[in-house]
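Chemist: My questions will all concern the structure given below.
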Amino acid sequence: MSLSHGQKSNHVAELDAVVIGAGFSGLYTLHRLREMGYKTRVIEAGNGVGGTWYWNRYPGARCDIESIYYNYTFSDEILNEWTWSSRYAPQPEILQYANFVADKLDLRRDIQFNTKVVSAHYNEDHNRWDIETDDGVKLSAKHLIAAVGCLSVSNVPNFKGIENFEGEWYHTGRWPHEEVSFKGKRVGVIGTGSSGIQAIPVIAEEAEHLTVFQRTPQYSIPARNEALDPEYVKQIRANYSEIRKKMRESAHGVPFGPRERSALDDPPEVRQKLFEEAWEKGGLFSLSYNYNDLGLNEEANKTAADFVRSKIREIVKDPETADKLMPTYYIGTKRQIIDTNYYETYNRDNVSLIDIKKAPIEEITAKGIRTADKEYELDAIVFATGFDAMTGPLFKIDLRGRGGVSLKEKWAGGANLRTYLGISTAGFPNFFMITGPESPSVLSNMMVSIEQHVEWITDCIDYLHKNNQASIEANPDAEATWSKHVRDVAEVTLAVKTDSWYMGANIEGKPRGFMAYLGGVGTYRQKCTEVQEKGYEGFTLLSTSNTAK
Ligand code: NA7
């Protein structure tokens with residue numbers, strides 16, 4: 001079976017669907033569409049599968065969702081054949097898992113590696129997408145699916161003089177595939193987000209000296225990573241259908257949620273006890289799930305923030321360094337970080353911390369980094385400076401819908417972000433985004449969100465085919481309502497009060513606005529299912545007979 005139609009050309013491959021990206025979302029989309037019988041090709045920039053886990057191979061890189069929940073769940077066979085080594089699997093193991101799945105499902109034969117999609121223009125005459133890649137190949141597809149990831153465009157800030165640096169430099173999100181050794185070297189790390197905080201303790205152990213250039217101090221909680229007990233894995237496996245259900249109905253894609261209680265309802269000694277237990281237990285949600293209002297109420301938030309600040313003071317021996325490490329924003333409003341020995345690393349003799357808010361970086365010199373205070377001589381610089389998140393990867397492609405209007409123009413560079421369910425946008429028929437802006441995506445266990453999106457999108461494609469529909473397109477009023485809902489939900493939280501990459505605040509000139517949906521994956525799934533069950537309410541479907549030329 002094939003949906004392909006339109007004029008055949010020697011130079012244009014005719015496909016039912018083109019998927020951009022062979023990360024976890026692209027792989028599952030390919031599998032599902034192929035199973036349904038649709039001719040699909042995946043275009044992938046890297047020379048292997050894995051997406052985020054292919055590119056982010058910096059020292060210490062690992063997942064911050066517990067591995068036992070960081071799986072595809074659509075196949076019991078895949079679920080049972082793969083066993084994670086530890087509570088938080090390291091990057092090489094997650095990449096191995098992506099490769100295992102690609103092999104198991106024989107996906108590689110429909111993936112074109114080392115290729116970037118340069119442009120994708122909607123051809124209104126044929127109701128198809130005309131796609132061009134950087135190797136000059138032209139494709140025509142009925143459906144275009146962006147599986148480009150949310151954090152795939154690295155942000156290397158425009159520091160003056162970077163081209164003059166005589167040492168080596170790396171970005172955590174574009175780490176070389178060859179081994180990088182910092183042995184005997186003076187290394188500088190710029191950035192203390194999740195990537196920096198994972199890399200810093202590992203680099204410190206190897207480098208002769210490590211200088212950390214910190215702009216915003218962060219709250220980090222111990223990961224308490226450990227090997228997984230086979231008995232525990234067995235138990236989880238036995239209960240996976242229940243676990244899967246809970247994950248799907250939850251707020252963040254894990255099978256548990258916050259206690260229905262305000263932090264202000266407990267006396268200080270009870271809170272302290274719970275926070276201490278959470279610190280010992282470790283992990284992304286241990287602290288925050290004690291109460292349901294830490295992200296909503298300033299006073300409640302302060303109780304948890306004060307607790308973490310007290311822990312930093314307890315761990316870091318030098319009071320001046322501890323002062324520099326004190327975070328002041330609302331805890332949880334930047335991505336919560338979990339670590340292994342992060343604060344402890346500042347007790348090492350070979351590590352120093354520079355506050356670049358106080359003395360900003362003025363220039364990268366031939367010898368290192370010069371701040372307003374002094375020059376630091378370095379052999380290597382690691383930019384752990386994050387990503388142009390969510391909209392960045394979409395804007396990298398010359399993506400044009402009806403009337404030749406680009407997505408970047410339509411969204412005014414992000415100032416006027418408009419999607420329907422974070423899956424589609426008006427003026428771009430048959431174009432789907434997986435875990436795109438205005439969906440829960442980065443605020444959730446990505447695997448849960450990816451599966452839900454892929455299943456919704458591929459079911460929709462199948463529905464169109466079976467019902468002789470040429471295209472589906474979001475209605476402007478439905479998307480206006482959805483986008484407003486996304487903003488309204490964010491507005492009542494403390495998240496909009498912090499400069500974070502969720503807000504686009506990490507990129508110079510990027511418009512501010514909370515880019516993800518804070519309503520929770522369970523509520524979101526329900527809404528998407530409802531739209532589907534009501535015959536794709538809020539979308540306009542164009543029947544094939546109406547498009548005959
Ligand atoms: P993040 O979380 O965006 O962290 C980037 C870090 O780099 C952060 O500390 C930034 O400081 C810092 N930064 C960014 N630009 C600059 C400039 N121009 N000068 C100095 N410092 C800068 O990226 P990660 O890769 O760590 O993590 C991304 C996500 O991956 C993470 O949230 C998880 O979801 C997984 P700032 O805080 O902006 O002041």
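Chemist: Calculate, for Ser545 and Glu320, the FRET efficiency according to 1/(1 + (r/R0)^6) with r their C-beta to C-beta distance and R0 60 Å; round to the nearest 0.05.
Modeler: The value I calculate is 0.20.
Chemist: With charges set only on the Cβ (+1 for Lys and Arg, -1 for Asp and Glu), what does the dipole of the stretch 1-144 come to about its Cα centre, in debye to the nearest 20?
Modeler: For the stretch 1-144, the charge dipole is close to 120 debye.
Chemist: Which Cα, out of Gly196, Thr216, Leu541, lies furthest along the positive dipole direction of the chain (beta carbon charges, K/R +1, D/E -1)?
Modeler: Leu541
Chemist: Another one. Summing Lys, Arg as +1 and Asp, Glu as -1, what charge do residues with Cβ under 14 Å from the Cβ of Trp279 carry, Trp279 excluded?
Modeler: That works out to 0.
Chemist: Further, regarding this structure: So what J values fall out for the stretch 529-536 if you push phi through Karplus, 6.51 cos²θ - 1.76 cosθ + 1.60 with θ = phi - 60°, rounded to Hz, Gly and Pro as x?
Modeler: 5, 4, 4, 5, 5, 8, x, 6
Chemist: Ranked highest first by the average count of other Cβ atoms within 10 Å around their residues, in what order do 228-241, 16-29, 283-296 fall?
Modeler: In descending order of packing, they fall as 16-29, 283-296, 228-241.
Chemist: For the stretch 318-359, what Kirkwood radius comes out of the mean inverse Cα-Cα distance, in Å?
Modeler: Computed over Cα pairs of the stretch 318-359, the Kirkwood hydrodynamic radius comes out at 12.0 Å.
Chemist: Next question, about the same structure. What FRET efficiency, computed as 1/(1 + (r/R0)^6) with R0 = 25 Å and r the Cβ-Cβ distance, is obtained for Leu296 and Asp477, rounded to the nearest 0.05?
Modeler: 0.25
Chemist: May I pose another question? How big is D for the stretch 276-404, in µm² s⁻¹ as a whole number, if Stokes-Einstein is applied with the Kirkwood radius of its Cα pairs at 37 °C and 0.692 mPa s?
Modeler: 180
Chemist: If you don't mind, there's one more thing I want to ask. Shape of the stretch 203-356 from its Cα gyration tensor (a ≥ b ≥ c, root eigenvalues): rounded if a/c is under 1.5, otherwise prolate when a/b > b/c, or oblate?
Modeler: oblate
Chemist: Place the peptides 471-482, 136-147 in order of packing, highest mean first, counting for every residue the other Cβ atoms within 10 Å and averaging per peptide.
Modeler: Averaged packing, sorted descending, gives the order 136-147, 471-482.
Chemist: Same structure again: For the stretch 64-109, what is the Kirkwood hydrodynamic radius in Å, using each pair of distinct C-alpha atoms?
Modeler: After inverting the pairwise mean of 1/r, the radius is 11.1 Å.
Chemist: On to the next question. With a cut-off of at most 14 other beta carbons within 10 Å, and DSSP calling the residue loop, which trypsin sites (Lys or Arg not before Pro) in the stretch 270-373 qualify? Please list them.
Modeler: Lys317, Arg348, Lys357, Lys358
Chemist: Evaluate the distance, in nm, between pseudo-label points positioned 7 Å from the Cα of Lys466 and of Glu178 along their respective Cα→Cβ axes.
Modeler: My value for the distance between the label points is 5.3 nm.
Chemist: Then there's this: Could you state the accessible area per residue of the chain in Å², with a 1.4 Å probe and every protein chain left in place?
Modeler: 42
Chemist: A further question follows. With charges set only on the Cβ (+1 for Lys and Arg, -1 for Asp and Glu), what does the dipole of the chain come to about its Cα centre, in debye to the nearest 20?
Modeler: Roughly 860 debye, rounded to the nearest 20.
Chemist: Determine the principal axes of the Cα atoms in the stretch 491-549, then give the extent along each, sorted from largest to smallest and rounded to whole angstroms.
Modeler: The principal-axis extents, from largest down, are 50, 31, 14 Å.
Chemist: As I understand it, the dipole of the chain uses +1 on the Cβ of Lys and Arg and -1 on the Cβ of Asp and Glu, about the Cα centre. Which of Ser500, Ser471, Tyr72 lies farthest toward its positive end?
Modeler: The listed residue farthest towards the positive side: Ser471.
Chemist: Next up: Just reorder Ser310, Ser67 by solvent-accessible area, largest first, 1.4 Å probe, all chains present.
Modeler: Ser310, Ser67
Chemist: Give the angle, between 0 and 90 degrees and rounded to the nearest 10, that separates the Cα long axis of helix 476-491 from the longest principal axis of the Cα atoms of the chain.
Modeler: 10
Chemist: If you don't mind, another one. For every helix of n ≥ 4 consecutive DSSP H residues, a contribution of -39,500 (n - 2.57) applies; sum these over the chain, divide by its total residues, and give [θ] at 222 nm rounded to the nearest 500 deg cm²/dmol.
Modeler: -9500 deg cm²/dmol
Chemist: Give the long-range amide H neighbours of Ser471: residues separated by 5 or more places, or on another chain, with amide H under 5 Å away, using H modelled in the peptide plane at 1.01 Å from N.
Modeler: For Ser471, the qualifying residues are Leu542.
Chemist: Okay, next question. If I compute solvent accessible area with a 1.4 Å probe over the protein chains, what percent of it on the stretch 114-249 is carbon and sulfur?
Modeler: The computed percentage sits at 46.
Chemist: Working from the pairwise distances between different alpha carbons, so that the mean of 1/r is found and then inverted, what is the stretch 380-503's Kirkwood radius in Å?
Modeler: 15.9
Chemist: Using the beta-carbon distance between Asn114 and Gln526 and R0 = 60 Å, what value does 1/(1 + (r/R0)^6) give for FRET efficiency, to the nearest 0.05?
Modeler: Computed FRET efficiency for Asn114 and Gln526 comes out at 0.90.
Chemist: Distance from a point 7 Å along Cα→Cβ of Leu79 to each backbone N in the stretch 95-118: keep the residues under 17 Å and list them by number.
Modeler: Taking a point 7 Å out along Cα→Cβ of Leu79, the residues of the stretch 95-118 whose backbone N falls under 17 Å are 101.
Chemist: Additional query: Any chance you could get the radius of gyration and Dmax over the Cα atoms of the stretch 125-198, in Å?
Modeler: Just the Cα atoms of the stretch 125-198 yield Rg and Dmax of 19.2, 62 Å.
Chemist: Among the listed pairs Lys245/Lys281; Lys273/Lys317; Lys334/Lys534; Lys410/Lys534; Lys39/Lys534; Lys281/Lys527, which have their C-alpha atoms separated by more than 30 angstrom in this model?
Modeler: Lys334/Lys534; Lys281/Lys527
Chemist: Along the charge dipole of the chain, Cβ charges K/R +1 and D/E -1, which of Ile457, Ser288, Leu15 sits furthest on the positive end?
Modeler: Leu15
Chemist: Treating the beta-carbon of each Lys and Arg as +1 and of each Asp and Glu as -1, no other charges, what is the dipole magnitude of the stretch 259-315 about its Cα centre, to the nearest 20 debye?
Modeler: 200
Chemist: Which semi-axes, in whole Å and largest first, does the equivalent ellipsoid of the chain have when worked out from the alpha carbon gyration tensor as the square roots of 5 times its eigenvalues?
Modeler: Whole-Å semi-axes of the equivalent ellipsoid: 40, 27, 23.
The values are calculated or read from the model by the stated rules, or taken from the named source; none is laboratory data. Bear in mind that the values here come from a model prediction, so they are computed numbers and not experimental data. Every residue, glycine as well, gets a Cβ built from its backbone with ideal geometry; the counts of neighbours run over all protein chains shown. Ligands, DNA and RNA are excluded from the accessible area calculation, which covers all protein heavy atoms including side chains. Shrake-Rupley method; radii C 1.70, N 1.55, O 1.52, S 1.80 Å.
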